[in-house]
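Working notes for the structure below.
Quick note: the coordinates plus some simple rules give every number you see, no bench work behind them. Values in this document were obtained by computation on a predicted structure and should not be read as measured data. Note: ideal-geometry Cβ built from the backbone for every residue, glycine included; neighbour counts use all protein chains shown.
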Amino acid sequence: MKTLQKLFGNASTRKKVLLFVSGLLVTAGWAANFFWASSRLFDAFMLLATLTAGFEIARRAWQGLRNRHTNIELLVTIAATGGLAIEVYWEAAAVTFLFLLGGWLEARTMSKTRDTLKELINMAPETAILVDGEKRTEIPAREVDEGMQVLVKPGAKIPVDGIVDSGGTTVDESAITGEPIPAEKQAGSEVYAGTINKNGRIYVRATKSGADTTLARIIRRVEEAQEEKAPAQRFIERFARWYTPGIVGLSIVSYLFTWDLELALTLLVISCPGALVISTPISVITGIGNAAKKGILIKGGEYLENAGKVTAIALDKTGTLTAGKPNVTEIIHFSKAADLAGVNPKEEFQEIHTVSLPDRNNESLPLEGEELLYWASVAESTSEHPLAEAIIAETGQSGRIPEPDRFESYTGQGIEAVLGEDHIFVGKTEFLKQQGISINDGIEKEIATLTKKGRTAVLVARNNELLGAIGIADQMRPEAPKMISRLRKNGIEHIAMLTGDARDTAEAIAEEVGIREVHAGILPEDKNDIILEMQKQGHQVAMIGDGINDAPALASADIGIAMGAAGTDVAIETADIALMSDKLMNIPEALRLSLKTLGNIRQNVVIALVTVAALLTGVFTGSVHMAGGMLVHELSVLAVILNGMRIRWV
Amino acid sequence: MTTTTTILRSDGLSCPSCVNNIESNLNQTEGISKVKVHFNTGRIEVEHDTETVSEEKLVKVVAQSGYEARVSQF
C-alpha cells in the first residue's frame, strides 16, 4: 500500500503508470475482439481502460471544481462518462487514453523546447571553493559574498562573477557570449559565473553571486522574453477564450435540436483549443531559445514580429563597426641598413619603411620598430590618453617599460619625457617641429598617406633625432563588410552610418565596410533625428549601437539592437535585441531568425485553424466520432509543436 | 510573517490550460499571497509566507494539481 501511495504521490510517475495500464487494456480489448470475437470481453476491457485513464482526468476535473473553476479535463470527463452511459465503450476508452497519451507526448516535446534554458540554468555550479588563508571550504555558490576569494580549478565551472586575483588561464565563455573561442584571463581580468575554466588554477575575488550574476540576469532576460506574449498570441488567446464556451454551447444546442447525445459529446471532445493556443508560444519560445544559444537576446515575441519587417538600418561606427579601442596599425621607421654597410648614416641615405601591423600576423617587428615603440611607451607610460594605451599595449608584448624620471604633457600636442640620459618627444608633427627637431619630406609624405586612411599619426624623437612615427586607428571589425553585404543580400537597401567622429575617419571606414550614406560629426540627438527622418520616409528602421550615446536612437528605432551587452545593463534596457558578444554576423542572423519564426507562427496558426474547421465539418457531416475527434485533435497539437521545434535548427 | 518569493520549475506543462489548474490550486492554499504560472517557460512564481507554507509544501500542492515541479535558485 505504501509503495502504491508513493507511486501515486509522484505526479509524473502516476501519469505514466495510468497511461501504460490503460494502453495495455485497450490492446487487450482489441485482441479479445480479434481472437475470440467477443464483444463482451471487448467492452469490459474498454470500460476498464476508460476508468484507468479517466481516473487522472477526473481527479484533475474534481480538483478544478473544488477551486471553483472549470477546465478541459471536466469536459473530457463529461464526454467519457456520457460515452459509457450510451454504451460506446471503445469511444470512451479512446478519448481518455488519447487525452493522456497526448498530454504526455506534448509535455515531453514542450520540455525539449525549454532545453536551452535548462542548459543555461545548469551552467551555474552549485558550490564554490572558498579561500580563507590556508583554509579551503566548499560552500553553496549563492552564499559567496562580495569580496570573498574563491579557487577555481582547471576544468571546473566558475561559480561567481568576479575579478581574477592571481593565476592565469583560458576560459570558455560561450554560455555568456556565444563565442566559441576561449578567452585569455590573467590577474585583473573579469570572469563570469557559469563559464568554464579550461587549463589553469585561478583565484577569483567575487563581485556578484547567485541571482545577481550575469548568467542569472541573462536567464531572467530570456525567460521574460519568452513569457512576453506576441501580438499574435494575445489575439489567439482572446479567440480561445470564447472558443471553448462557444463549442460547449453548440454541443448543448445541437443536442436539444437533434437529441443525438453522441454528436453532443463529440463536440465536447473537440472543444479544447489546444493546437490554437499553443501555435504561437511554441514558435516564440523556440525562436528566442535558439537565438539565445547563439548569443542573441531577443526581448520578446513582439520584437520578433517587428524585426522580421525591417527595411532600413542605421549603424553607429565606434564600437559597432569598429572595435571601439584604438590600436597601433602602422609603424614608420628608418632603416639602418646603410649603417651596417659601413656608410655614414646621413639622413638622406636613410630608407623609410612603413610596417603595417595587421598584415604581419604577430611576426616580430624589425629592431628599429621595436626601439621606436619602446621610447614612445616610456614617454607615454604615465599618460592616460587612449592613444597612449594603444602604444603601451603594443609594446607590452615585448617586455617591461620603465617610467620616466621627469615628464611634461602639452595638452593636444604631445609629451616631453626624460629617462636618465635620454630626452624623448612624442606628439604631433607641429609639436616636434616646435621642439627644433628636423622632419624630412619623405616621412611627412608617409604621414599624409596615413592621415588620409583615417589614422592618427604620432611622431617620436629621441635626443633631438627623429626615430619615426606611429599610426593609430580604431580598426574596423574584420567581419563588418561581410555583414553589410549580407544585410544587402537579405533585401535591406537603405543602410546608413551615424557617428560623432570626424568625416575623414568616418568615410575611410564607410568605404572599407561598403556603406555609402555617412552622417559624420553628429550628436546623440542628431542620431535620433535621422532615425525619425527614415521612419517618415516609410521605413521600418533598425538601429544598431553600443551604448549610452546611442540610447535615444535605439529607443526610437522600430528595433534597437545593442552590441556586446554582456555586463552592461544600459544597453540591454534600451534595446529590443541585445547581442551578448561582439559577433557582427549575429545582426543579420537575428533578423533572419525573426523572419523564420514569424513564418513559423503563421504556419502554426493555419494548421490549427484548418484542423478546427475540418473537425467541425467532420462532426456535423457524421464522419468524425469521439475517438476520431480526439485523435485528430491530439495529432494537430503534436503537429504544431513539432513544426515549432523546427526553428531550433534553422 | 515573512513573505518571500520562491521560484519553482515544472517540465510537465503540456498545454496552456495547465496554468489555470496550478494557479487555482495554489491560490486556494493558505499562506500564499500571489501566484503566477508561466506556460512558455514552465516557471512558477509564488509569493508566500515562509512560516505557514514551506518550499516542500509548494511542491506538494503543485503535485496535487497533477504536475511535478522543483524549487529553483533563480
The relative contact order of segment A:126-212, taking Cα pairs under 8 Å that sit 6 or more residues apart, comes to a percentage of 37
Computed from the beta carbon distance with a Förster radius of 56 Å, FRET efficiency for residue A:354 and residue B:73 to the nearest 0.05 stands at 0.50
Over the protein assembly as shown, the quotient of the Cα radius of gyration and 2.2 N^0.38 Å is 1.27
Long-range amide H partners of residue A:201, meaning residues 5 or more apart or on another chain whose placed amide H is closer than 5 Å, are A:168
Rounded to the nearest Å, the spacing of the alpha-carbon centers of segment A:406-456 and segment A:316-333 is 20
If exposed means GluC sites (Glu not before Pro) lying in a DSSP loop and surrounded by at most 11 other beta carbons within 10 Å, then the longest stretch of chain A lacking such sites spans residues A:135-362
For peptide A:587-598, the mean count of other chain Cβ atoms within 10 Å per residue Cβ is 0
Applied in sequence order to segment A:264-272, the curve 6.51 cos²θ - 1.76 cosθ + 1.60 (Karplus, θ = phi - 60°) yields integer Hz couplings, x standing for Gly and Pro, of 4, 5, 4, 4, 4, 4, 8, 7, 6
Taking a ≥ b ≥ c as the square roots of the eigenvalues of the Cα gyration tensor, with a/c under 1.5 meaning rounded and otherwise prolate when a/b exceeds b/c and oblate if not, segment A:465-527 is oblate
Taking chymotrypsin sites (Phe, Trp or Tyr not before Pro) in a DSSP loop with at most 14 other Cβ atoms within 10 angstrom as exposed, one finds the longest site-free stretch of chain A at A:260-650
For segment A:144-208, the Cα convex hull volume per residue in Å³ comes to 63
Note, segment A:33-47: 3J(HN,Hα) by Karplus (6.51, -1.76, 1.60, θ = phi - 60°), whole Hz, Gly/Pro = x, goes 5, 6, 7, 10, 6, 9, 6, 5, 4, 4, 4, 5, 4, 5, 4
Computed on Cα atoms, the radius of gyration and Dmax of segment A:453-565 in angstrom are 17.3, 63
Averaged over residues of B:27-37, the number of beta carbons from other chains lying within 10 Å of each residue's Cβ is 1
For segment B:1-43, shape from the Cα gyration tensor axes a ≥ b ≥ c, cut at a/c of 1.5 then a/b versus b/c, turns out oblate
The value for segment A:228-271 (convex hull of the alpha-carbon atoms, volume per residue, Å³) is 55
Per segment A:2-113, sqrt(5λ) over the Cα gyration tensor eigenvalues, sorted largest first, in Å, gives 25, 17, 13
For peptide B:15-26, the mean count of other chain Cβ atoms within 10 Å per residue Cβ is 6
The orientation-averaged projected area of the Cα convex hull of chain B, in nm², is 4.2
Within segment A:78-108, the residues whose backbone N lies under 16 Å from a label point placed 7 Å from the Cα of residue A:20 along the Cα-to-Cβ direction are A:101, A:104-105
One would report the Cα pair-distance distribution of segment A:369-464, bin width 5 Å, in %, as 2, 13, 25, 26, 21, 10, 3, 0
Restricting to lysines and to Cα separations under 23 Å from residue A:489, and discarding same-chain partners fewer than 8 apart, the set is A:294, A:309, A:317, A:583, A:596
Over the Cα atoms of segment A:183-302 the radius of gyration and the largest Cα-Cα distance (Dmax), both in Å, equal 24.8, 82
Debye calc, one equal point scatterer per Cα of segment A:536-650, no solvent, log10 I(q)/I(0) at q = 0.10 1/Å comes to -0.51
Exposed GluC sites (Glu not before Pro) being those in a DSSP loop with at most 12 other Cβ atoms within 10 Å, the longest stretch of chain B free of them is B:1-29
